[in-house]
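See below for the structure under consideration.
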Amino acid sequence: MQKVLVALSGGVDSSVAAALLVEQGFEVIGATMRLWSAPGGEQENRCCTPETRVLAARLADKLNIPFIVLDETENFRRIVVRQFLEGYARGETPNPCVTCNRYLKWGALGDYAKSIGADYLATGHYARVLTGHEGLFELWKGQDPGKDQTYFLSMLTQEQLAHTLFPLGELRKSDVRRIAQERGLPAADQPESQDLCFLGERDYRAFLAEYAPETVQPGPITDRGGKVLGRHQGLAFYTIGQRKGLPAAAQALYVWQKDTQNNRLIVCPAEELGTDSLRAVDINWISGSAPKDEFQTEVKIRFRAAPTSAVALPEPEGSALVRFEKTLRDITPGQLAVFYQGEQVLGGGWIS
């Protein structure tokens with residue numbers, strides 16, 4: 001019997017994933033992680049509150065499987081929160097969920113799975129792992145187009161995919177909720193998990209003011225020629241393409257660039273916004289090696305963005321130059337550029 005460690009969040013997706021694996025005859029072990037959150041008051045990490053751990057434990061009891069809690073508070077703070085703060089200090093808009101998947105779920109949790117002799121790590125993500133013609137493992141979108149989560153998984157390697165199961169990859173969210181209700185799983189009506197889990201109920205601006213005060217220092221708002229138009233309250237409060245919170249003008253203004261060296265927010269009218277290219281760095285190619293030549297692809301520049309046709313040219317040292325067929329208004333440093341061909345994920349890298 002093959003052994004699988006299932007990451008349990010207390011939510012409906014991971015609960016159904018665990019239940020399906022039990023029904024398929026795997027030896028299933030449930031695990032959840034205790035993660036860091038900003039101390040004080042109600043600032044509880046929303047991915048691992050005491051309530052969600054109780055739900056995960058109740059599910060494990062119902063399925064009659066072992067359940068453990070791994071304390072990853074220090075790793076989460078040292079890796080995920082630190083990169084989040086450093087990203088804002090560089091003028092970027094970070095994506096901590098990608099970092100958490102890469103270093104915590106498939107890092108610390110994956111290492112624990114190996115240490116107990118588990119054959120697989122399983123999660124409730126909507127994605128699929130398929131085997132290609134050359135025996136390589138491939139990452140494909142989940143069958144539910146509205147729930148596909150491959151954007152957050154594009155940093156997974158061949159070694160990780162070889163030992164990963166996504167039991168929900170062929171299902172739609174409506175199927176998952178129906179399965180949970182039919183089996184009386186305790187998480188059937190749980191709400192969706194949320195981004196920036198470590199903030200608790202705190203606004204990210206207050207969090208940055210406490211932990212990275214240099215990112216929230218007031219400074220000038222200028223046009224591209226340097227003319228001062230107003231004052232901003234901190235570069236971290238703005239992202240590329242944003243309109244809200246900018247000075248009134250004859251033409252609507254949008255964020256064009258964040259000049260961290262001079263603490264200056266540069267704005268422009270809509271017709272000057274956007275670019276048709278980007279450079280992605282620290283790219284993880286799912287196959288394990290970069291394409292040898294320029295290739296046609298579709299690129300998502302953020303999780304909710306539609307894939308956009310582009311030509312990508314791999315460069316030395318794990319980067320690539322991407323040229324789009326049209327100008328995009330919200331290419332944002334710190335977000336992930338993920339490369340697709342149809343339903344298949346080729347890889348992903350950080351927008352520089």
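If the condition is being more than 13 Å from I286 (Cα to Cα), in contact with a Phe, Trp or Tyr (Cβ under 9 Å, 6 or more places away or on another chain) and not polar (S, T, N, Q), then the stretch 129-145 contributes K141, G142, D144.
Residue pairs whose Cβ atoms lie under 6 Å apart, separated by 6 or more positions or on different chains, with the first residue in the stretch 296-307 and at negative phi and the second modelled with pLDDT of 95 or more and hydroxyl-bearing (S, T, Y), are E298/S309; E298/Y340; V299/T308; K300/Y151; F303/Y151; P307/Y340. Restricting the stretch 74-95 to residues that are surrounded by fewer than 20 Cβ atoms within 10 Å (Cβ to Cβ), of a type outside the set (A, V, I, L, M, F, W, C) and in contact (Cβ under 8 Å) with a residue 24 or more places away in the chain leaves a set whose member that is farthest from T32 (Cα to Cα) is R90.
Any chance the stretch 168-190 includes a residue that's closer than 30 Å to K3 by Cα, part of a loop (DSSP other than H, G, I, E, B), in contact with a strand residue (DSSP E or B) (Cβ under 8 Å, 6 or more places away or on another chain) and without any contact (Cβ under 8 Å) to a residue 60 or more places away in the chain? Scanning the stretch 168-190 turns up at least one residue that is closer than 30 Å to K3 by Cα, part of a loop (DSSP other than H, G, I, E, B), in contact with a strand residue (DSSP E or B) (Cβ under 8 Å, 6 or more places away or on another chain) and without any contact (Cβ under 8 Å) to a residue 60 or more places away in the chain. Return the residues of the stretch 36-55 that are touching a Cys at 6+ places or on another chain (Cβ under 9 Å) and either over 30 Å from Q24 (Cα atoms) or modelled with pLDDT of 90 or more (or both); say none if nothing qualifies. Result: S37, N45, R46. Among residues that are of a type outside the set (S, T, Y), modelled with pLDDT under 95, in the same structural domain as L8 (by TED's automatic domain parsing) and surrounded by fewer than 21 Cβ atoms within 10 Å (Cβ to Cβ), P145 is not included. For the stretch 224-249: of the residues being in a strand (DSSP E or B) and free of Cβ contacts under 8 Å to residues at least 24 places away in the same chain, which is surrounded by the most Cβ atoms within 10 Å (Cβ to Cβ)? Looking at residues that are in a strand (DSSP E or B) and free of Cβ contacts under 8 Å to residues at least 24 places away in the same chain, I get G230.
Within the stretch 259-286, the set of residues being more than 16 Å from T332 (Cβ to Cβ) and in contact with an Asp or Glu (Cβ under 8 Å, 6 or more places away or on another chain) comprises just one member, I286.
Looking only at the stretch 1-11, filter to residues that are under 12 Å from A56 (Cβ atoms) and not small (G, A, S); which one of those is surrounded by the most Cβ atoms within 10 Å (Cβ to Cβ)? Among them, the one singled out is V6.
Hey, does the stretch 159-167 have a residue that's at pLDDT below 95, under 22 Å from V16 (Cβ atoms), assigned to a helix (DSSP H, G or I) and out of contact with any Pro (no Cβ under 8 Å at 6 or more places or on another chain)? Within the stretch 159-167, not a single residue is at pLDDT below 95, under 22 Å from V16 (Cβ atoms), assigned to a helix (DSSP H, G or I) and out of contact with any Pro (no Cβ under 8 Å at 6 or more places or on another chain). Against the conditions (1) crowded, with 19+ Cβ neighbours inside 10 Å; (2) more than 25 Å from the chain's Cα centre (by Cα); (3) among the small types (G, A, S), A252 satisfies every one except (1).
Every condition in (1) part of a loop (DSSP other than H, G, I, E, B); (2) crowded, with 19+ Cβ neighbours inside 10 Å is met by A280 except one, and the failing one is (1).
A quick yes/no check of all residues on (1) farther than 20 Å from R90 by Cα; (2) of a type in the set (D, E):
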{"position": "E134", "(1), (2)": "yes, yes"}
{"position": "L153", "(1), (2)": "yes, no"}
{"position": "I179", "(1), (2)": "yes, no"}
{"position": "Y204", "(1), (2)": "no, no"}
{"position": "Q242", "(1), (2)": "no, no"}
{"position": "L246", "(1), (2)": "yes, no"}
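Residues in the stretch 89-106 include none that are out of contact with any strand residue (DSSP E or B) (no Cβ under 6 Å at 6 or more places or on another chain), closer than 19 Å to I301 by Cα and at pLDDT 95 or above.
The values are calculated or read from the model by the stated rules, or taken from the named source; none is laboratory data. None of these values were measured; they are calculated from a predicted model. Backbone-built Cβ (ideal geometry, glycine too); neighbour counts: all protein chains shown.
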